[in-house]
Amino acid sequence: MKCREVGQTVLTIFYNVDPSDVRKQTGDFGKAFDETCVGKTEEVKQAWRQSLNDVSGIAGYHSSNCGSEADLINNVASDVMAVLGLTLSKYFDDFVGIDARITEIKSKFILQSEQVKVIGILGPVGTGKTTTARVLYNQLSPAFPFSTFLENISGSYEKPCGNDYQLKLRLQKHLLSQIFSKGDIEVRHLRGARKMPSNKKVLVVFDEVDNWWQLEEMAKQPGWVGVGSIVIITTEDRKLLEALGLGIDHIYEMTYPISYESLQIFCQYAFGQKYPDHGFERLSWEVTRLAGDLPLGLSVMGSYLRGMSRDGWIKALPWLTRTLDREIESTLRFSYDALGDNERTLFLYLACFFAGFKVDRFKRCFANSSLEVDHGLDVLVQKSLIYIEYTRVQMHRLLKQMGREIVKKQSMENPENPQFLMDTKEIFDALDEDTGTGNVLGIRFSTKEKIQIRKSAFQGMHNLQFLYFDSKTLCTPEGLDCLPHKLRLLHWQKCPLRVWPSKFSGKFLVELFMRVSKLEMLWEGVKPLPCLKIFDLSFAENLKYLPDLSKATSLEELRLKSCRSLLELTSSIGNATKLYRLDISECRNIRDFPNVSDSIVELKLCDTGIKEVPARIDNLFRLRKLIMCGCEKLKTISPNISKLENLEFLSLSNKGYCLHDHYEDDEKIHKCCDLFEAIVEWGPDFRRSWILQSDLDVHYILPKCLPKKALTSPISLRLRSFDGIKTIPDCIRRLSRLIKLDVKECRRQLVALPPLPDSLLSLDAQGCASLKRIDSSSFQNPNICLKFARCFNLKQKARMLIQTSACKYAVLPGEKVPSHFTHRASSSSLTITSTPRPLPSYFRFKACLLLSKVYDQPGDNNDDDEKEGEKSLTSMSYSVWGKQNGRTVGSGSNQLLMPALYGNKQHLFIFEDSFSLNKVFPEAEETTFSKLTFAFRVHDETCKVKGCGVRLLEANNESAGGEDEENDYNHNDNDDDEDEDDEGSDGDNNKVVENDDVMPHSSDSLYNQSSPFATSSPPQPLCDIKASAQDKLSI
């Protein structure tokens, strides 16, 4: 506030705080203020209070009045500019997209807390970094007594050779001369240069920085400029900014303009307006595409075409397509020339051949070369010359064109220089005639033109390393007599050859990719293939035999999908000790499980003639995926498959279903009527998983395949099926560490649940509309949660088992509170009145809520499947209080989680918990109550409590059950189709009573003394269930 007293402007920003809280020091702000005042004198506190009162009276910005943080930042930045009298220069008014860029950069300034603000503008060459920096400089410089824009530093100073001290002195002298507007500043040493502006408020732009020495002195001395200074750096090299320690709030990354902005930029230079002239619309879009949204290319091409007629444009387009404008090339070339030899070579390989390749594929091709590929790619990314997108190496079109121009010029100047063939005519000439192609390194093309290849086309190409054909119009009427000896990559999609060339060594071959070929056989005998890693002949439908691959010791992937004529796998693949993926899907003639090394990680054997998974499967201890869907003859599975500790996905089916890529898609799994899926999860937070998909008999296949760890680790099991599972396999009971069982996606056919392990803490069968029976020995764990919502066909015996079992909570359909809940009411609360008697201060009780859905709008009623999963849990709370010697004593409010309900049917929510009414007198062991009141609330606006019931339990002697339930439980339930009592029936003589109008059960006592379901260990309080589950998982 002292600044305001001397005439400076103060703007207030109330971020997530109310101005009235600031004025009065109340709320969370008041608490923070009180903590800050600890240890301060009363005089200081009073001064602070007065300042806060004054501040709250200044008109400013309130975050709650802004749509977003971005809006708040924009408003603040705009008003600061207005107060300082800063406006954009008219010169920059027509720059497309400049306002958004400047606004975002200003927001980064606001977020910085340092006394000297630094921003790095990063991006590829030609994207407008210098222009953006110039706009910022023109806007900010009026507020700085000292400022300078050091343009094109990289082009103004030669590269350092050895000692760069003199270069640094020259740069510092130039910097100081510009800052102080003096041409005669003498700089004898760097230390003195750093001190000169150290107490000055300075604005400096370092434009086109490309070397660390240009920033090193600034990095060494953070205080080289005064408080309030701003430093702006433009560069293509991310590494330089990171070396300065600049983070996300200090770096603005330039992006290419979107398509319509690119068109506007081009039109400004071509037509002097932001839209094309009539008749030039399509041509303008075509040129914009050629420029690849690069502002430099858009401006140069627009200027070149300005004033030309439409016919002139049409004639110029082919030239623009093939040739790079000299101005564009000279600008782009500067970045290339600054690279080292290793990075230049990689750049040219990418520009001419490998742009668009996956990163790992590119690295594979140079694995045994002298090039430093990993480091080189990092440098090219840091220099903004390439970028990685979806695991592929990508390069801007104009940079790619520049690289190809460089290679062409090099080969013209020296025919002995290596070159790549990319032009269709060049390739045609090379393959049709012997035109001196011994220096060709790579050929890549894709065309629809018909090209005929001579039998001896590759005889003279002794240095050819990379061959990439993707065309079905290539003809080899006489076949080929050889392939180059040095070939590393052979990618020939739709190869017309039927017989492999007789002369081919394969010594350097890394990748053989010949999908959809007409090959009937490959080479005879054994070829030395020490470098071969990828062998892909997928969809070669005429291929009958594989060659001997015993010397392909580096082979990693063998892909033979849909080689329908293939009779057998060569036994030599057992020697491929690095093979990790094998795909022989749709090779129907293969009948034997492949004999592969223990290096294998993924086996795809779908639609083959394989009959069994043999006992030796346990040797493949690294195997993670085994996919055998559609294997019609598959009948036998060795139990040794359960020993594979690393197996994550297993598909074994006679029909052609495999949903590995979609196993979380409910619709996909449900469309495959006979398919079931078992998902086992374990480990910390159940993050590790094992998945089985099969249409074999679940009672046969699941016990065979369940991993051994499922018998020893705390696990969860989820079963999913549309029509495939009617009963859960009995093997479930052997899972002594099963924590969660989820069968809700077996909703169509599941009719019965078997005995379940005592370890179970959660059973989810929601929506299983066919479920009728539950084994009577289930639910022995008093901490279990039972979810049977929308299980409308449960037999009476199953319903009684759910209602009376000791559990943490249970949900099931019902229309009345069951009669064994001794006290009931038709509202959300009830009061128990009785003759005063001594009661223990600690109670356990079991409660039942009758829940009904409430819909705000007509038609919002029964979309169960669609809504389920959006919100799987909600919560409820209850309070208990009683009369004690004339005063009301309460237990407070306890909040508990409960499953969310869907559909328009009523449900029962049953839970057990404990409470104490003597918290205020903990020393009292007994007390006397004349009334106990229970009140329940569901925290879901679509659900209401229509009725409730309570049964009081002895702390140590009684479970949730009651005497009368035994007769109900012995009810004859053998006939699945016999008529039963209405859903939720409570017997003939029981009724729901209103609040305070209590109808006790067969006894007047507040709790019964005996129960056929009594347990020696009472359930934990509900709040402990999470801790209990975590304890089990940590074992």
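Below is a table of values for the structure above.
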quantity: In the range 344-425, the GluC sites (Glu not before Pro) that fall in loop regions by DSSP, at most 16 other Cβ within 10 Å; calculated: Glu372, Glu416
quantity: Amide H contacts under 5 Å for Asn793, placed H, 5+ residues apart; calculated: Leu771
quantity: Förster-model FRET efficiency, 41 Å R0, Asp277 and Asp71, C-beta, rounded to 0.05; calculated: 0.60
quantity: For Leu897, solvent-accessible area (1.4 Å; no DNA, RNA or ligand), Å²; calculated: 110 Å²
quantity: Karplus-derived 3J(HN,Hα), 6.51/-1.76/1.60, for each residue of the range 735-745, Hz, glycine and proline x; calculated: 7, 5, 10, 5, 9, 10, 10, 10, 10, 5, 9
quantity: Simple Cβ-charge dipole of the range 259-322, Lys/Arg +1 and Asp/Glu -1, about Cα centre, in debye nearest 20; calculated: 160 debye
quantity: Over 23 Å (Cα to Cα) - which of Lys503/Lys527; Lys527/Lys578; Lys486/Lys527; Lys709/Lys740; Lys409/Lys450; Lys129/Lys315 fall in this group; calculated: Lys409/Lys450; Lys129/Lys315
quantity: Percent accessible area from carbon and sulfur atoms, the range 341-412, protein chains only, probe 1.4 Å; calculated: 46 percent
quantity: Cut-off 15 Å between beta-carbons: net charge of the residues surrounding Glu158, Lys and Arg +1, Asp and Glu -1; calculated: -1
quantity: In Hz, Karplus ³J(HN,Hα) per residue of the range 592-603 (6.51, -1.76, 1.60; θ = phi - 60°; x = Gly, Pro); calculated: 9, 4, x, 9, 10, 6, 6, 7, 5, 10, 9, 10
quantity: Sum of side-chain charges, Glu281 neighbourhood, beta-carbon under 15 Å (Lys, Arg +1; Asp, Glu -1); calculated: +2
quantity: Additional length obtainable on full extension of the chain from Lys708 to Leu169, 0.36 nm per residue less Cα span; calculated: 186.9 nm
quantity: ³J(HN,Hα), Karplus 6.51/-1.76/1.60, whole Hz, each residue of the range 111-119, x for Gly, Pro; calculated: 6, 7, 9, 5, 6, 10, 7, 10, 10
quantity: Interchain or long-range residues, amide H under 5 Å from Leu203's placed H; calculated: Phe146, Ser147, Thr148, Ile230
quantity: Extension gain (nm, one decimal) between Ala769 and Tyr545, 0.36 nm per residue minus Cα-Cα; calculated: 75.3 nm
quantity: Cα gyration tensor category, rounded, prolate or oblate, for the range 341-412 with a/c compared to 1.5; calculated: oblate
quantity: Relative contact order (%) - the range 444-529, alpha-carbon pairs under 8 angstrom, separation at least six; calculated: 26 percent
quantity: Relative contact order (percent, whole number), the range 259-322, Cα cutoff 8 Å, 6+ residue spacing; calculated: 37 percent
quantity: Theoretical FRET efficiency, 1/(1+(r/R0)^6), r = Cβ-Cβ of Lys45 and Ala143, R0 35 Å, to 0.05; calculated: 0.45
quantity: In the range 672-738, trypsin sites (Lys or Arg not before Pro) in a DSSP loop with at most 15 other beta-carbon atoms within 10 Å; calculated: Arg687, Lys726
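The values are calculated or read from the model by the stated rules, or taken from the named source; none is laboratory data. Note that the structure is predicted; figures quoted are calculated from it, not measured. When we count neighbours, we look across all protein chains shown, and the Cβ atoms used for this are built from the backbone with ideal geometry, even at glycine. To get the accessible areas, we keep the full protein, side chains included, count just its heavy atoms, and leave off ligands, DNA and RNA. Shrake-Rupley method; radii C 1.70, N 1.55, O 1.52, S 1.80 Å.
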